[in-house]
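Asks: Structure below; questions to follow.
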C-alpha cells in the first residue's frame, strides 16, 4: 500500500471538509464495491453523530474517523471507498434532508453502491419521500413503498433519512448554522492510497476490518511531512534527498523507541497505549498528552496550528537518547515517570524551562522533585494497608538507588518493572486466613512465635498474643484436628493482635517481586519463600527477582549475631529498615 502525491487535494492525504470536495468540474463520484456490506447504520449511531455536530462549537474542527480510498480507473467514478462508506453515506443523507428542509446546498459528491443497483437511484432520489414525524410511522411508510425498492440496504437508508428529519424537528436548532458546521467544521481524514496486485482493495478492506491495518495519527503526520518536503521550492534531487533522510531518521527513532529498555524509562505501563511509539513525541510537541482523541496531534499539524518542524522532533529524540545513555538522568527520569510523580511531558517542559541554564540546573530540579517525594512520608509509619502505592514507590526508589550504588555502570530494568508487573510482597506472610489446612496454620504460628519470642526477650514480659498462640497450637495438635470455622475465628483474633505487635504491613516487611514469582510464593512461610527466590535468582527461569529483594531474603543487612535463615525476625526487619534509610537518606 502506497500513497502518491498530486496537485489535486483530493488525491493527497489531508483533512478535508465537505466544501473541500468541490472540484473544478464539481463531479466527485464515490464507488462502494460489492465486497463490502451495504449501509447499516442504526438510529442510535445517526443520532449520536447529529448530537456531536450540534454540540461542537461553530468554527471548531470536529474530526471523523479516516476515510481510505483509491483512485478509480473508469469514466463513471472518481474514487473507490475502501473504508468509511457508512460515515460518508450518513453525511450524504443528512445534506439531502437539510436541503429538503429549505437549507439549500449543492451536494459536491455522489455515492454508488455495487451491492444492489437499486440502491444507487434510491439514495440519489431519497428526498422524494415524504417525511414522517413519529418513529413508529417509519415502518408503515416503508411498507407502502413499491416492492422493487424494498431490500435491506434501502431500508437502512430510508430509516436514517427519517431519523435525521425527526431529530431536527425535535432539536429546534438553527439549521442554517448547523449546515455551516456540517460542510465546514466536520473534517474527514482523507486517505487516498495506491493499490497493487498484492494489495488489492478487497484485501485492504479485510485487513482494515480485522485490525491488521490501523491508520494512526503518526501515519498521517508522516504523510504530511513527506508532502511538505515534496512541495518545497527546491530542485527535485534535493527534495528527494530530504525525503530519504527523513524516512531513515523516522525509522531510526521508531527502532529505538520500540526497544522496551528505552521506552519504559519515559513511559510507564499505565500511560497511553501507543499504536506507534513515535506518537509520544508528537503528543509532547503539540501539548496533546491528555487528549482522548487519538488523532488530536495530527489535527494540529493538519490545521497548521503546529508547524511541520522535523528538526524539533529530532531535537527531542536526541535529548531523550542523551538522558538514556547517562545513568544518573536515566534513573531519575525513569523513577519519576514510573512512580507517576511526573509525566514525561512534564519532564520535557521542565527541561525546556531550564535549557538555557547550566546542565546541572535541570538535573538538580529532578533531584529536588525526588527529595520532595522522600519528605512526603514517614518511613517508620507508612504501611501496606493505607499507603500501598507510596510503599511501592519507596521500594522502587530504594531498588534503583541500591542498584546504582552497587552497579554504577548498569541501568535499572524499568522494562521488567512494567512488563513483569512488579508488586508488593509480604516477607513474613500477612494473611493466615488464606491457609486451607491446619498444618499450614501451625507452621505459620510456629514461625510467628519465633519472632514474638525474640521481641518478648527484649521487653522482658510475656506478650498476650503468645498465650493465645500457645493455646491454639496445643488444641490444634489433637487427633483429627481440622481447620474449621471456629479455628478460623480464633486465627482472626490472633491476626488482629499480631498487627499491634508485629510490623506485618510496615515497609520493613515488604519487598518488590514480579507477578509470576509473587504468585509462586503465595502466602508461604519465610523459609519456603526464601528457597524459591534463591532458586529463581540462581537460574534463568524467565523471571527477574529485584536485586534488593534478593538481598533482603539473603539477609545481607542483618548482623552476624542475629543471623538465622528460618524466619523473618524483628532484628531482620529493623536491619532492613536501617538499610533503606541509609540508601535513601544517607543516614
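All of the numbers you see were taken from the coordinates with simple rules; none came from a lab. Just so it is clear, the structure is predicted and the values come from calculations on it, not from any experiment. A quick note on method: Cβ atoms are made from the backbone with ideal geometry, for glycine too, and the neighbour counts reach across all protein chains shown.
Asks: Tell me whether the range 77-191 comes out rounded, prolate or oblate; compute the Cα gyration tensor, take square roots of the eigenvalues as a ≥ b ≥ c, and use a/c under 1.5 as the rounded threshold.
Replies: Note, shape of the range 77-191 comes out oblate.
Asks: Taking neighbour Cβ counts within 10 Å as the exposure measure, how do 89, 244, 216 sort from fewest upward?
Replies: 244, 216, 89
Asks: Still on this structure, I have one more. Given R₀ = 41 Å, what would the calculated FRET efficiency be for residue 9 paired with residue 354, taking r from the Cβ atoms and rounding to 0.05?
Replies: Efficiency computed from Cβ-Cβ geometry: 0.45.
Asks: A further question on this structure: Could you work out how far apart the two model spin labels at residue 308 and residue 254 are, taking each label as a point 7 Å from the Cα in the direction of the beta carbon, and quote it in nm?
Replies: 1.8
Asks: How would you order 54-60, 153-159, 34-40 from highest to lowest mean count of nearby Cβ atoms within 10 Å?
Replies: In decreasing order of mean packing, 54-60, 153-159, 34-40 become 153-159, 34-40, 54-60.
Asks: Taking the square root of 5 times each eigenvalue of the Cα gyration tensor, what semi-axes in Å does the equivalent ellipsoid of the range 223-374 have, largest first? Before the final figure, lay out the partial values.
Replies: On the way: eigenvalues 181, 57, 44 Å².
They are 30, 17, 15 Å, listed largest first.
Asks: State whether the chain is rounded, prolate or oblate according to the following rule on the C-alpha gyration tensor (a ≥ b ≥ c being the square roots of its eigenvalues): a/c under 1.5 gives rounded; otherwise a/b larger than b/c gives prolate, and the remaining case gives oblate.
Replies: prolate
Asks: Sticking with this one: Can you give me the angle between helix 43-55 and the longest principal axis of the chain, using Cα atoms only, in degrees from 0 to 90, rounded to the nearest 10?
Replies: That helix lies at roughly 90 degrees to the long axis.
Asks: Let me have the 222 nm mean residue ellipticity of the chain computed from DSSP H runs of 4+ only, each contributing -39500 (n - 2.57), with the sum over all residues rounded to the nearest 500. Don't skip to the answer; put the middle values down first.
Replies: On the way: 25 runs with 309 residues, N = 587.
My calculation for the chain gives -16500 deg cm²/dmol from helical runs alone.
Asks: If neighbour count is taken as other Cβ atoms inside 10 Å, put 507, 316 in order from fewest to most.
Replies: 316, 507
Asks: Quote the relative contact order of the range 9-214 in percent (integer), defining contacts as alpha-carbon pairs under 8 Å separated by 6+ residues.
Replies: Reported relative contact order: 40 percent.
Asks: Moving on. Would you mind putting 560-567, 417-424, 301-308 in packing order, based on average other-beta-carbon counts within 10 Å, highest first?
Replies: Ranking the peptides 560-567, 417-424, 301-308 by packing returns 417-424, 301-308, 560-567.
Asks: Residue 136 versus residue 560, label points 7 Å from Cα toward the beta carbon: distance in nm?
Replies: Each label point lies 7 Å from its Cα, and together they span 9.3 nm.
Asks: Quick one: if you stick a label point 7 Å off each Cα along the C-beta vector at residue 375 and residue 578, how many nm between them?
Replies: Once both label points are built, they end up 2.7 nm from each other.
Asks: Need one number: % antiparallel among DSSP beta bridges in the chain, to the nearest 5. Kindly include the intermediate steps, with their values, before the conclusion.
Replies: On the way: 13 of 26 bridges.
Rounded to the nearest five, the antiparallel share is 50 percent.
Asks: Any chance you could check the Cα centroid distance between the range 333-402 and the range 14-87 for me, in angstrom?
Replies: 48
Asks: Using r as the Cβ-Cβ distance of residue 101 and residue 76, and R0 as 35 Å, what FRET efficiency do you calculate, to the nearest 0.05?
Replies: So, using R0 = 35 Å, E works out to roughly 0.70.
Asks: Sticking with this structure for a sec: Length gain on complete extension for the stretch residue 17 to residue 121, per 0.36 nm per residue less the alpha carbon to alpha carbon distance?
Replies: Extra length from residue 17 to residue 121 when fully extended: 34.9 nm.
Asks: At a threshold of 8 angstrom on Cα-Cα distance, excluding pairs fewer than six apart, so keeping six or more, what relative contact order does the chain reach in percent?
Replies: With pairs under 8 Å counted, the relative contact order is 13 percent.
Asks: Counting alpha carbon pairs within less than 8 Å and at least 6 residues apart, what relative contact order, in whole percent, applies to the range 223-374?
Replies: It comes to 24 percent, rounded to a whole number.
Asks: Could you tell me whether the range 9-214 comes out rounded, prolate or oblate from its Cα gyration tensor? Rule is a ≥ b ≥ c as square roots of the eigenvalues, rounded for a/c under 1.5, then prolate if a/b exceeds b/c, otherwise oblate.
Replies: Oblate.
Asks: By counting other Cβ atoms within 10 Å of each Cβ, how are 325, 286 ranked from fewest to most?
Replies: On the way: 325 10, 286 19.
So the residues, fewest neighbours to most, are 325, 286.
Asks: How much of the DSSP beta bridge set in the range 9-214 is antiparallel, as a percent to the nearest 5? Walk me through the numbers on the way to the answer.
Replies: Numbers: 7 of 20 bridges.
Percent antiparallel among DSSP bridges in the range 9-214 is about 35.
Asks: Counting pairs of Cα atoms in the range 370-426, how many percent are more than 16 Å apart? All intermediate terms of the calculation are to be shown ahead of the outcome.
Replies: Details: 802 of 1596 pairs.
Of all Cα-Cα distances in the range 370-426, 50 percent exceed 16 Å.
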